[in-house]
1. With charges set only on the Cβ (+1 for Lys and Arg, -1 for Asp and Glu), what does the dipole of region 38-184 come to about its Cα centre, in debye to the nearest 20?
2. Compare the Cα positions of PHE143, ALA125, HIS172 along the charge dipole of region 38-184 (+1 at Cβ of Lys, Arg; -1 at Cβ of Asp, Glu; about the Cα centre) and return the one farthest towards the positive end.
3. Could you give log10 I(q)/I(0) at q = 0.17, 0.18 Å⁻¹ for the chain, computed by the Debye formula over C-alpha point scatterers of equal weight, without solvent?
4. Around VAL109, under 9 Å between beta carbons, what's the net of Lys plus Arg minus Asp minus Glu among the other residues?
5. Determine the sum of side-chain charges near ARG150: Lys and Arg each +1, Asp and Glu each -1, restricted to other residues whose C-beta is under 12 angstrom from that of ARG150.
6. Excluding same-chain residues fewer than 8 positions from LYS73, which lysines have a Cα within less than 30 Å of its Cα?
7. Could you work out the helix-only [θ] at 222 nm for the chain, with each DSSP H run of four or more residues adding -39,500 (n - 2.57) and the total divided by the number of residues, to the nearest 500 deg cm²/dmol?
8. Can you order the peptides 76-84, 44-52 by their average number of other Cβ atoms within 10 Å per residue, highest first?
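Bear in mind that the values in this text are calculations on the coordinates, not laboratory data. Treat the numbers as computed from the prediction; the structure is a model and nothing was measured. A quick note on method: Cβ atoms are made from the backbone with ideal geometry, for glycine too, and the neighbour counts reach across all protein chains shown.
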Amino acid sequence: MAEHLASIFGTEKDRVNCPFYFKIGACRHGDRCSRLHNKPTISPTLLLSNMYQRPDMATPGMDLNGQTMDQKKIQEHFEDFYEDMFEELSKYGEIESLNVCDNLADHMVGNVYVQFREEEEAAAALKALSGRFYAGRPIIVDFSPVTDFREATCRQYEENTCNRGGYCNFMHLRRIGSSRRPSATLSTSSGSCSRRGWRR
Ligand SMILES: [Zn+2]
Ligand SMILES: [Zn+2]
């Protein structure tokens, strides 16, 4: 029986635990979900909710003045953000993976997931970021149950065949160009100062 329960934990068959929260760390029902969201008390992964604001968020492909935006500019904006995140977060520990959602639904839009090598590093980052602001908005940060991003990611999106678009329930992870991979462009030495939106 215990074995059976373990095998259905966090799956669609699990009537108690929410499969979306378990796998993706976010569920469209939020606190009103009829199934349990087991918030971890410690985890190597942090979720920074709705952290990335794309420049064309009102209308895809348009800036806030209604002007058409170059796809290259949009991608550059994203990569600047990614670097800024990487630089700041790597002050607290070794980053295993840093993922930014391209989904559009409220509970996933702009979500940043950072997985550290050690839980203690995630705990240090959580403590340091709580109460701070980024780009003028308060940072909402918490431990996340997600540790397997392959399980959480939409495979069709990776193959450019997801027909659910931005409202897919699985992560659509935005890619950075290979020339901008953080290891190639960033030093992780402490004391390096972040350039953009961070505020104490
Ligand atoms: Zn749920
Ligand atoms: Zn998808």
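1. Values: 16 positive and 23 negative charges, 53 e Å.
The calculation lands at about 260 debye.
2. My answer, from the dipole projection, is HIS172.
3. With one equal scatterer per Cα and no solvent, log10 I(q)/I(0) is -1.26, -1.39.
4. On the way: positive: ARG54; negative: ASP102, ASP106.
With Lys, Arg at +1 and Asp, Glu at -1, the net is -1.
5. Details: positive: LYS23, ARG155; negative: ASP148, GLU151, GLU158.
Net charge around ARG150: -1.
6. Within the straight-line limit of under 30 Å, LYS73 reaches these lysines: LYS91.
7. Numbers: 7 runs with 55 residues, N = 200.
Roughly -7500 deg cm²/dmol at 222 nm, from the helical runs in the chain.
8. Numbers: 76-84: 18.2, 44-52: 21.6.
Descending packing order for the listed peptides: 44-52, 76-84.
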